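No lab work stands behind these numbers, since they all come straight from the coordinates. Owing to the predicted nature of the structure, the values given are computational and were not obtained by experimental measurement. Positions of Cβ are generated from backbone atoms using ideal geometry, with glycine treated the same way; all protein chains shown enter the neighbour counts.
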Number of protein chains: 2
Amino acid sequence: MRIVALAGGIGGARFLRGLKLAAPDAEITVIGNTGDDIILFGLQVCPDLDTVMYTLGGGIHEEQGWGRAGETFAVKEELAAYGVEPQWFGLGDRDFATHIVRTQMLNAGYPLSAVTEALCHRWRPGVRLIPMTDDRVETHVVIEDDRGRRAVHFQEWWVRLRAGVPAQDIVLVGADDAKPAPGVLDAIAEADVVLLPPSNPVVSVGTILRIPGIREALTGKTVVGVSPIIGGAPVRGMADACLTAIGVETSAQAVAELYGSPLLDGWLVAEEDAGVSVEGVVTRARPLLMTDERAAADIARAALDLADEIRGVTA
Amino acid sequence: MRIVALAGGIGGARFLRGLKLAAPDAEITVIGNTGDDIILFGLQVCPDLDTVMYTLGGGIHEEQGWGRAGETFAVKEELAAYGVEPQWFGLGDRDFATHIVRTQMLNAGYPLSAVTEALCHRWRPGVRLIPMTDDRVETHVVIEDDRGRRAVHFQEWWVRLRAGVPAQDIVLVGADDAKPAPGVLDAIAEADVVLLPPSNPVVSVGTILRIPGIREALTGKTVVGVSPIIGGAPVRGMADACLTAIGVETSAQAVAELYGSPLLDGWLVAEEDAGVSVEGVVTRARPLLMTDERAAADIARAALDLADEIRGVTA
């Protein structure tokens with residue numbers, strides 16, 4: 001079976017780890033969000049790609065959900081001693097090495113998709129990880145504070161401001177001119193099932209769907225999503241702040257409507273959201289907390305079962 | 001008093017630390033060698049500038065003579081895990097931060113001299129440290145091994161091969177078109193004394209003298225050198241391999257002749273080399289081992305005394 005998943009960071013990565021357990025023989029292609037990529041100290045940082053790579057490759061800081069296990073912070077301390085900004089983004093020494101290798105390859109002319117493949121030679125994540133695009137696409141957030149109305153990089157809003165200043169708008173700079181990375185459209189075309197993990201529906205999955213060609217390629221495919229919202233609140237992260245920014249309620253119902261039919265065919269919600277109903281979308285309710293790998297695998301299995309049901313496949 | 005010193009790495013830096021003690025009120029300008037600079041992992045590494053900066057700024061690994069005290073190697077280990085070459089150059093985590101800041105500033109368009117000044121804002125070395133040039137100049141070494149006759153970067157010969165393969169020639173790529181960095185010629189013009197510390201006479205001091213305009217600017221100045229060779233052997237490092245490569249004997253006499261009159265006015269040698277004699281050069285013999293800061297200060301004091309004697313200044 002061929003599976004494509006569109007993934008953001010922590011939630012997506014944990015779901016994918018469960019998916020590998022649930023479908024050990026499947027060929028899994030992960031289309032990763034790069035909208036929250038940021039150039040720091042001249043180095044290209046790809047938080048979501050790295051979270052997927054580290055999580056599936058066994059290098060993740062498990063409790064934190066992002067960054068490397070056993071991390072140290074000598075480089076960050078030194079940069080601070082030099083007075084270099086920004087100091088609010090916590091890059092560890094091991095993580096720095098990834099960004100150094102990536103930046104060196106990008107500067108040598110390799111596209112991000114080839115760089116990601118090279119990094120995965122080491123991590124062997126057990127999936128094919130492709131960035132949504134090789135082009136520069138950056139999520140910016142429009143805020144208004146004592147310095148006036150202005151757009152800041154998503155990471156500045158998310159990490160430095162902890163999404164504490166209301167987002168008035170979320171803008172994807174460069175998206176209109178971006179092309180899907182090589183392999184993205186082919187993987188979708190060949191997929192039996194497309195999964196939308198419980199990633200942020202606005203700045204992760206929503207961003208991937210904004211790359212011209214990707215949403216169109218999904219037409220006619222069996223697409224099953226897992227709600228990142230349980231009982232009116234995000235499972236983790238600050239998806240509510242992102243949904244509010246684009247005028248969408250923080251509910252499993254509203255997110256299903258945001259994805260909408262005909263894109264979405266199946267929608268897995270938590271038991272407390274069993275009443276969700278969207279025309280053209282088959283909804284199932286079940287426990288959705290990814291408390292451990294086993295729980296994540298059960299959720300992934302349920303998503304695949306729902307896809308089979310929609311496709312009329314008998315298990 | 002205004003002093004200019006042309007400096008390489010470890011030997012130069014230790015001499016300069018002594019010089020600061022010997023002449024606490026002097027205005028000292030250090031013209032640093034950049035011929036052994038190397039771009040590693042896309043980052044600009046300036047070993048000699050950093051050794052001077054760390055040594056005078058109190059951050060040096062004291063026993064090793066280069067690199068940072070209290071260093072860790074997480075980034076290097078990770079780069080090796082990615083299989084990235086070269087793995088023979090030992091950059092520590094703290095050191096990496098310096099190269100990251102430098103590279104970011106260089107890529108933003110600042111010349112190396114401005115970057116070095118910015119880095120020194122943190123280290124406060126107590127001297128004005130200027131790279132010999134803002135242009136790219138690289139020392140390459142011609143060797144012949146089982147892969148044939150070829151030129152390798154100086155660091156590959158020095159660090160990876162430990163100068164174990166005979167150098168057939170030493171070439172300074174880019175030197176002919178290089179210009180002295182801003183401030184270099186002015187500092188020389190205003191100097192009361194110019195010192196040549198016991199740095200490598202070929203790939204450190206010799207390199208600086210190869211930048212067009214610098215040797216000419218020294219004409220008419222009082223130039224005093226400290227021999228890096230004691231009793232036929234380099235005090236440290238592998239200066240003998242460099243001298244042999246350019247057909248010069250490893251002796252205090254031969255190095256004095258290499259610098260030569262009219263460049264050199266005074267030459268400080270070790271007691272065992274008391275017989276050295278070069279026409280036009282005033283030679284003095286004294287203990288030259290920089291066993292500690294105090295010993296280095298005594299040597300620097302002797303160099304300044306010799307300069308005073310040559311200039312006809314009474315102490």
| request: Report, for chain B, the % of DSSP beta bridges that are antiparallel, rounded to 5. | output: 45
| remark: Taking the dipole of the protein assembly as shown about the Cα centre (Lys, Arg +1; Asp, Glu -1; charges at Cβ), the one of B:Val202, A:Gly9, B:Ile60 that reaches farthest to the positive side is B:Ile60
| request: Would you mind checking which residues have amide H under 5 Å from A:Ala5's amide H? H placed 1.01 Å from N; only 5 or more apart, or other chain. | output: A:Thr29, A:Val30, A:Ile31, A:Leu195
| remark: A correct Karplus calculation of ³J(HN,Hα) over region A:156-170, with 6.51 cos²θ - 1.76 cosθ + 1.60, θ = phi - 60°, whole Hz and x for Gly and Pro, returns 5, 5, 6, 8, 6, 8, 6, 6, x, 9, x, 7, 8, 7, 10
| In region B:201-315, what % of DSSP beta bridges are antiparallel (nearest 5)? | 20
| Rounded if a/c is under 1.5, else prolate if a/b beats b/c, else oblate: with a ≥ b ≥ c from the C-alpha gyration tensor eigenvalues square-rooted, which is region B:129-270? | oblate
| remark: The ³J(HN,Hα) series, computed from each phi in region B:34-43 with the Karplus coefficients 6.51, -1.76 and 1.60 at θ = phi - 60°, rounded to the nearest Hz and given as x for glycine or proline, is 10, x, 9, 4, 8, 8, 10, 6, x, 10
| request: Please give every one of the lysines within straight-line cross-link reach of A:Lys20, meaning a C-alpha to C-alpha distance under 17 Å, and leave out same-chain neighbours fewer than 8 residues apart. | output: none
| task | Sort out the exposed loop GluC sites (Glu not before Pro) in chain B (DSSP loop, at most 11 other Cβ within 10 Å) and tell me the longest stretch that has none. | result | B:64-278
| Once you sort the root eigenvalues of the Cα gyration tensor of region B:210-315 as a ≥ b ≥ c, which label holds: rounded (a/c under 1.5), prolate (a/b larger than b/c) or oblate (the other case)? | oblate
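Check each of the chymotrypsin sites (Phe, Trp or Tyr not before Pro) in region A:62-171 and keep only those in coil by DSSP with at most 14 other C-beta atoms within 10 angstrom; list them in order. Provide the component values of the computation, followed by the final result.
Values: sites: A:Trp66, A:Phe73, A:Tyr82, A:Trp88, A:Phe89, A:Phe96, A:Trp123, A:Phe154, A:Trp157, A:Trp158; in loops: A:Trp66, A:Phe73, A:Tyr82, A:Trp88, A:Phe89.
Hits after loop and neighbour filter: A:Trp88.
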| task | Hey, for a label at A:Arg128 modelled as a point 7 Å past Cα toward Cβ, could you say which residues of region A:14-41 have their backbone N under 12 Å away? | result | A:27-31
| request: Provide the gained length on full extension for the span A:Arg160 to A:Arg2, in nm with one decimal, where the gain is 0.36 nm per separating residue minus the Cα-Cα distance. | output: 53.0 nm
| Within chain B: Cβ-based charge dipole about Cα centre, in debye rounded to nearest 20 (Lys, Arg +1; Asp, Glu -1) | 440
| remark: Inter-copy distances for B:Glu63, label 7 Å out on the Cα-Cβ vector, sorted ascending, nm, one decimal, are 3.4
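Counting helices only, and only those DSSP H runs with n ≥ 4, report the 222 nm mean residue ellipticity of the protein assembly as shown as the sum of -39,500 (n - 2.57) divided by its residues, in deg cm²/dmol to the nearest 500.
Values: 22 runs with 221 residues, N = 630.
Dividing the helical sum by the residues of the protein assembly as shown leaves -10500 deg cm²/dmol.
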| Sequence-separation-based contact order of chain B, relative, with Cα cut under 8 Å and 6+ spacing, percent | 20
| request: Using a Förster distance of 45 angstrom, determine the FRET efficiency expected from the C-beta separation of B:Glu77 and B:Glu279, and round it to 0.05. | output: 0.25
| query | From the label point of B:Arg147, set 7 Å along Cα to the beta carbon, how far off in nm is each other copy's matching point, shortest first? | reply | 4.9
| Calculated log₁₀ intensity ratio I(q)/I(0) where the Debye formula runs over C-alpha points of region B:1-77, q = 0.13, 0.21, 0.24, 0.28 Å⁻¹ | -0.43, -0.96, -1.15, -1.34
| Check B:Gly42: other-chain or 5+ apart residues with amide H under 5 Å from its amide H, H built from backbone geometry? | none
| query | In terms of Cα to Cα distance under 14 Å, which aspartates and glutamates are near enough to B:Lys221, apart from those fewer than 8 places away along the same chain? | reply | B:Asp186, B:Glu190, B:Asp192, B:Asp265, B:Asp308, B:Glu309
| field | Distance from region A:104-180 to region A:181-197 (C-alpha centre basis), Å | value | 20
| Amide hydrogen neighbours beyond the local backbone of A:Glu249, cut-off 5 Å, H modeled | none
| request: For region B:214-242 and region A:1-77, compute the distance between their C-alpha centroids and round to whole Å. | output: 54
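From other protein chains only, count the Cβ atoms within 10 Å of every residue's Cβ in A:70-77, then give the mean. Provide the component values of the computation, followed by the final result.
On the way: counts 1, 1, 5, 3, 13, 11, 2, 3.
Neighbouring Cβ atoms belonging to other protein chains average 5 per residue here.
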| request: Have a look at chain A and give its Rg and Dmax from the Cα atoms, expressed in angstrom. | output: 18.7, 62
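From the Cα gyration tensor of region A:161-205, with a ≥ b ≥ c the square roots of its eigenvalues, which class applies: rounded if a/c is under 1.5, or else prolate if a/b is larger than b/c, or else oblate?
Numbers: a/c = 4.13, a/b = 1.75, b/c = 2.36.
Here region A:161-205 falls in the oblate category.
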| DSSP beta bridge pairing in region A:1-152, given as percent antiparallel to the nearest 5 | 45
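Over the protein assembly as shown, what portion of Cα pair distances is larger than 35 Å, expressed as a whole percent?
Details: 99826 of 198135 pairs.
Looking at the protein assembly as shown, the distances longer than 35 Å represent 50 percent of pairs.
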| remark: Label points for B:Pro182 built 7 Å along Cα→Cβ; distances to same position in the other copies, nm, shortest first, come to 4.4
| Per residue of B:89-99, what is the mean number of Cβ atoms on other protein chains within 10 angstrom of that residue's Cβ? | 5
| note | Applied in sequence order to region A:138-145, the curve 6.51 cos²θ - 1.76 cosθ + 1.60 (Karplus, θ = phi - 60°) yields integer Hz couplings, x standing for Gly and Pro, of 10, 7, 10, 10, 8, 10, 9, 9
